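Read-outs throughout are calculated quantities, based only on the coordinates presented, and are distinct from any laboratory measurement. Just so you know, these numbers come straight off a predicted model, no measurement behind them. Quick reminder, even Gly has a Cβ in these numbers, built from the backbone with ideal geometry, and neighbours come from all protein chains shown.
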Amino acid sequence: MSEPTRRPLADPQPVESALEAPRLVTEVPGPRARAHVAFDETWTSPSLPRAYPIVPVRGVGTVVEDIDGNRFLDFAAGIAVVSTGHCHPEVVAAVTDQAERLLHFSASDFYLPIYAETCRELARVTPLAGDDAPRVYLGNSGTEVVEAAMKLARHATGRPVLVAFLGAFHGRTYGSVSLTASKAKYHAGFGPLLPGVVHAPYGRLADLDWFEDVLFKRLVPPDEVAAVFVEPIQGEGGYVVPEDGFLEGLRALCDRYGILLVADEIQSGAGRTGTFWAIEQWGVRPDILLTAKGIASGLPLGAMVARRDLMERWGKGAHGSTYGGNPLACAAALATIRLLEGGLIANARVRGGQALAGLADLPERYPGLVAEVRGRGLMIGIEFATTAAAEAVQWACFERGLLVLEAGDSAVRLSPPLTVTEGEMATALELFRAAVAAVAERGAVEAAGSRR
Ligand code: PLP
């Protein structure tokens, strides 16, 4: 097989942002942002859960500039997507180069070299259970590959039941939203959802007892369970890290009953936690691994990496997609994988350590406001006492030029690009601490007011 030629990648080190941030030149949101929000809200679906009125027009590395010329440090990264930073020159070059050659040629019906090369690269970086090299299916998004895994799991095992966890987020299409159990609003008004889905408690070693004590005893025998879908660290559910032994115990349970373990690494993967996949930190190998978000730096790509023997149980026409594995997305993924392995995963570990060390004292300093600081690498959750407090901190960060995003019931997540520099991290931590201090101060003033 001939090796496709690749553009050499210049500098594997994190890129320094060319723009300085934060730099606020108007109040936020500024006048143009406010006007744009009004325009947007006339035309776009009201279902979109906008967090706050940031209106970006360009981005470089960790920095985003809004429509009024304000610059923000982006610690939300497009919901943990721009892993290599905004518009990494190597990713832009790879996409531009590909755009000049071939924009589309459906890999479902024909043979597309860059599609197969992307599958091989994903198989190379993904340790699964079993000895064979995995095979890979490409879609356009996270939810699509969750759907693919639901279909493959049922098809390959001949069993109907799928288990997911309370607090999980797996997407919003009918199959994936049936697995999702982070917030009731994702289900409200859409029932009946997919039958054959049950939800287990997440994260503590003791929760594993639920499988024997409740699921297998009261609901369904183990030989009717096709797969357990798990986020190694829950994302939308609040950046919740399971207890050590939880994922290992889940693997053992699945092995005992011939159940497939599906790791949804759509948010936790692509180097974010300081290893290529989060589940590697517990030494666990899933049967199927799902990725999307950070794997292509912002181009729409999802991948299902599955054990070869499972994949070889479904035949031609069982699954496919017109656009999945589009050449531009594949070019971005290949560049992203090389940047991740070329230094960004290591950077995620170091900068994550800096962040956790810089925030560790918050629960002690603000008891009653900050409940916990947790995470791995650059997947960091700060749990607040109430939803209102988390929302207030999110807004206070925005006002100071730092973009963060709520998660779970009352957490704020930090998920910056893996290119984040030491200086950017130090600035972001300062801004975050100032935001928490302002919210604490306001709370104290309000409490004093209500006592009067
Ligand atoms: N799975 C996880 C763990 C996610 O975090 C998400 C998105 O947030 C999804 C699946 C769905 O991905 P998408 O929004 O690309 O459909």
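Per the Kirkwood treatment, what hydrodynamic radius in Å, one decimal, follows for the stretch 92-340 from the mean inverse distance over all distinct Cα pairs?
Averaging 1/r across every pair of different Cα atoms and inverting gives 18.2 Å.
Between residue 124 and residue 437, the simple spin-label model (points 7 angstrom out along Cα→Cβ) gives 4.8 nm.
Normalised by the number of residues in the chain, the average gap of Cα pairs under 8 Å and 6 or more apart makes the relative contact order 22 percent. What separates the Cα centres of the stretch 168-226 and the stretch 108-150 is a distance of 25 Å. Charge tally for residue 73 (other residues, Cβ to Cβ under 12 Å; Lys, Arg +1; Asp, Glu -1): -2.
Once you reduce the stretch 384-440 and the stretch 32-99 to the center of their Cα atoms, the two points are 17 Å from each other. With each label modelled as a point 7 angstrom along the Cα→C-beta vector, the residue 361-residue 38 pair spans 4.6 nm. Looking at the chain alone, DSSP beta bridges between its own residues are antiparallel in about 65 percent of cases. With R₀ fixed at 35 Å, the C-beta to C-beta distance from residue 314 to residue 220 puts the FRET efficiency at about 0.90. Exposed loop sites were defined as chymotrypsin sites (Phe, Trp or Tyr not before Pro) in DSSP loop states (anything but H, G, I, E or B) carrying at most 12 other C-beta atoms within 10 Å; in the chain the longest segment without such a site runs 191-452. Where both bridge residues fall in the stretch 92-340, DSSP classifies roughly 40% of the beta bridges as antiparallel. Across every pair of non-identical alpha carbons in the chain, the mean reciprocal distance, once inverted, gives a Kirkwood radius of 22.7 Å. Non-local lysine pairs in the stretch 92-340, meaning eight or more places apart or on different chains, with alpha-carbon distances under 28 Å, amount to 9.
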